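Read through the structure below, which is laid out as structure tokens, and then see the notes.
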């Protein structure tokens, strides 16, 4: 099922909105953010999985704003920490969206740990204004956590995450290179390939 040419991103995170707009730019969609619709309803992200949270956000925002909505839930899973911070990635240190504190806590939790393998995961969900779920798509990128941050671009854990096969962190990579590798880019491309967004992304 195809969406209309207008798609609302169910997120107040400006960085996510910018990434999604850039990645979907070839599709010719009108991508709306919170500022375009007078704000978004507050959705309590109490799901046990990224999919749970993405589906909940997409449905609630689509129904509240009477627009097709795309929501993503994403985060970092560290093997040596049994998958943490996981769904709590944005509030790992206690305060929602405090990137610096989250990075400090992650480094502290990995003190003396040799195995620093990790992956970023993103689940995309799309819903219609009547609450129907069009479907979900997942993307990931694997890498490892450095012992100190590098780079000033990106957000979240980007300065600590070195993707496999790269010599630059997500915070050092140019935007186009990051979008080509990223979990969010992979999830969006998988959503497009599955026909959830209704057009193809090269």
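Readers should treat all values here as calculations from the given coordinates under stated rules, not as data from a laboratory. These numbers come from a predicted model, not from an experiment. Glycine also receives a Cβ, built like all others from the backbone with ideal geometry; neighbour counts cover every protein chain displayed.
Here the contact order of the chain, divided by its residue count and restricted to Cα pairs under 8 Å and six or more residues apart, works out to 21 percent. The candidate values are [x] 8, 29, 28, 21, 11, 3, 0; [y] 9, 37, 35, 16, 3, 0; [z] 8, 25, 22, 14, 10, 7, 5, 4, 3, 2, 0; the one derived from this structure for P(r) over Cα pairs in 10 Å bins from 0, in percent carries the label [y].
Its Kirkwood hydrodynamic radius, worked out from the mean inverse distance over all distinct Cα pairs, puts the stretch 101-202 at 14.9 Å.
Neighbour counts of other Cβ atoms within 10 Å put 24, 70 in the fewest-to-most order 24, 70. Each of 88, 50 was scored by other Cβ atoms within 10 Å of its Cβ. Listed from fewest to most, they are 88, 50. Ordered by the number of other Cβ atoms lying within 10 Å of each residue's own Cβ, fewest first, 197, 44 fall into the sequence 44, 197. Axis of helix 183-193 versus longest Cα principal axis of the chain: the two differ by about 30°, to the nearest ten degrees.
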